[in-house]
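The values are calculated or read from the model by the stated rules, or taken from the named source; none is laboratory data. Because the structure is a prediction, the values reported are computed rather than measured. Ideal geometry is used to build each Cβ from the backbone, glycine not excepted, and the neighbour counts take in all protein chains shown. These accessible areas exclude ligands, DNA and RNA; they are computed on the full protein's heavy atoms, side chains included. Shrake-Rupley method; radii C 1.70, N 1.55, O 1.52, S 1.80 Å.
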Amino acid sequence: MSQELKQTPLHALHAELGAKFVPFAGYDMPVQYPAGILKEHIQTRAGAGLFDVSHMGQVRLTAPGADAALERLVPGDIAALSPGEMRYTMFTNDRGGVLDDLMVTRRAGDIFMVVNAGCKTEDLVLLRAALGDAHVEYDEDRALLALQGPGAAAALARHAPGIAGLGFMKAATVAIGGTEAWVSRSGYTGEDGFEISLPGDAAEAVARLLLGEPEVAAVGLGARDSLRLEAGLCLYGNDLTPDITPIEAGLTWTISKRRREAGGFRGDAIIKAQIADGPSRRRVGIKPAGRAPARAHTAVVGPDGAVVGEITSGGFGPSVDGPVAMGYVTRGCAKAGTEIELDIRGKRHAAAVVKLPFTPHRYAK
Amino acid sequence: MSDVRFTKDHEWVRLEGDTATIGISEYAQEQLGDVVFIELPTVGADVEAGGDAAVVESVKAASEVYSPVSGRIIEVNDDLEATPGLVNESAEDEGWFWRMELSDPDELEELMTAKDYKAFLEGLD
């Protein structure tokens with residue numbers, strides 16, 4: 001990479017903790033700490049993991065009527081959100097393909113969004129064209145921490161009693177050890193947990209407070225990927241692309257009845273037709289029968305010997321203690337239980353289509 | 001004392017009599033992180049120096065392992081099937097990958113000694 005990598009406000013802390021860094025979306029990010037990906041993954045499912053996701057884009061829409069303008073870019077029901085409610089949705093193109101997936105929260109004075117690091121530049125162009133430059137604020141100086149795992153709520157509550165009673169996919173302003181933060185009960189691991197948006201210059205102090213709790217350890221992007229894969233959650237660029245629709249991706253649940261009927265977003269006719277007729281391919285879970293992991297781009301072979309699809313995310317699931325994958329297969333092969341084969345380095349390996357997730361979601365009620 | 005040589009791709013080879021044992025270096029396992037699967041060569045197969053012989057999979061990615069020398073595979077480390085983490089715990093001993101009969105023992109002379117390899121690693125960033 002010729003361009004100099006950016007650093008998050010926690011870079012020095014990661015280095016102090018012994019992180020191994022990798023370039024990710026233009027940032028120098030911790031892929032793992034000395035414990036390693038396997039232990040960090042298990043730690044998150046058993047206690048709590050603290051992730052630095054400050055590379056993600058934090059964007060605010062400040063225009064009056066921004067919800068209606070945003071609804072022209074996403075199929076999610078933004079108008080229906082009450083203050084403090086958040087929703088998962090995606091920017092679509094004219095073919096109904098996904099340009100990015102994102103979290104949207106309505107707040108008292110604005111609409112707050114978290115978008116992928118690798119897409120944020122294009123997302124900002126899209127938003128500014130739709131809402132006008134004056135009404136799209138990119139909070140580049142803010143940090144974003146994720147505290148995930150069954151121990152997350154207890155650990156956070158010791159420094160932020162204000163989180164008591166915060167429900168899943170709800171968000172509020174909360175003081176954490178004296179720092180005012182915007183905290184949502186959400187995440188990318190399948191576990192209960194929080195995402196904490198706060199000023200960059202306060203991030204290290206808050207991270208140290210949380211790391212001081214007995215349940216909590218620092219967890220890198222490596223385990224973040226294996227955790228989300230076991231949880232059956234999409235990674236933009238792998239499982240979602242401009243050539244894949246939300247319907248093919250199994251994300252029809254993110255589109256409300258009103259929005260399905262009224263449309264009014266890019267690619268709405270195609271998405272409507274796919275909801276009515278069923279898509280010709282679908283995202284499914286894939287469980288290799290043996291021990292060999294099947295990585296992204298592995299060809300999926302159907303019962304009659306023809307290629308029926310491709311793995312889009314695959315690797316080793318530490319909680320499953322074996323290989324796990326997801327990918328797209330033709331409609332006829334998408335039923336759970338369908339026996340398939342995977343072409344790994346020229347050899348056929350038995351596998352089956354399975355229901356996602358691989359590890360049950362344990363979100364807060 | 002047995003002679004251990006290293007490649008620039010971080011494989012090691014130890015010659016004992018006519019038999020060479022091959023694995024990946026301590027540095028390589030450290031770089032890979034947690035090893036979760038190893039695809040070993042087939043016993044009886046002929047491999048060439050620098051040719052693909054095995055694949056080591058960490059949680060993050062798959063990496064090729066090249067044979068440091070030419071010859072025939074005579075044994076593979078079956079323990080790695082159930083316990084791939086042996087490579088992390090003992091890369092240059094219990095975590096060996098395969099044994100082979102050399103077709104050209106002189107090839108070993110072209111590989112780095114332990115001292116050369118140490119200097120080579122210090123030159124890497």
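Per-structure values
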quantity: Rounded accessible area of residue B:112 (nearest 10 Å², 1.4 Å probe); calculated: 30
quantity: Accessible surface, the protein assembly as shown, averaged per residue in Å² (probe 1.4 Å); calculated: 43
quantity: ³J(HN,Hα), Karplus 6.51/-1.76/1.60, whole Hz, each residue of segment A:23-36, x for Gly, Pro; calculated: x, 9, 6, x, 10, 8, 10, x, 7, 6, 10, x, 4, x
quantity: Charge dipole (debye, nearest 20) of the protein assembly as shown; +1 at Cβ of Lys and Arg, -1 at Cβ of Asp and Glu; calculated: 3180
quantity: Nearby lysines by direct alpha-carbon distance to residue A:120 (threshold 18 angstrom, same-chain neighbours under 8 apart not counted); calculated: A:6
quantity: Lys/Arg +1, Asp/Glu -1 at C-beta; segment A:280-365 dipole; positive extreme among A:359, A:311, A:329; calculated: A:359
quantity: Sulfur and carbon atoms: percent of accessible area, segment B:3-102 [1.4 Å]; calculated: 40
quantity: Value of [θ]222 nm, deg cm²/dmol, for chain A, DSSP H segments ≥ 4, -39500 (n - 2.57) each, nearest 500; calculated: -6000 deg cm²/dmol
quantity: 14 Å beta-carbon shell around residue A:34, net charge (K/R +1, D/E -1); calculated: -2
quantity: Shielding score for B:57-67, defined as the mean number of other chain Cβ atoms within 10 Å; calculated: 5
quantity: Estimated translational D of segment A:280-365 in µm²/s (Stokes, Kirkwood radius over Cα pairs; 20 °C; 1.002 mPa s); calculated: 168
quantity: Per residue Cα convex hull volume in Å³ - calculated over the protein assembly as shown; calculated: 157
quantity: Peptide-level mean, for B:79-90, of C-beta atoms on other protein chains within 10 Å; calculated: 1
quantity: Around residue B:66: net Lys/Arg minus Asp/Glu count, Cβ-Cβ under 12 Å; calculated: -4
quantity: Averaged over A:37-45, number of beta-carbon atoms from partner chains that fall within 10 Å; calculated: 2
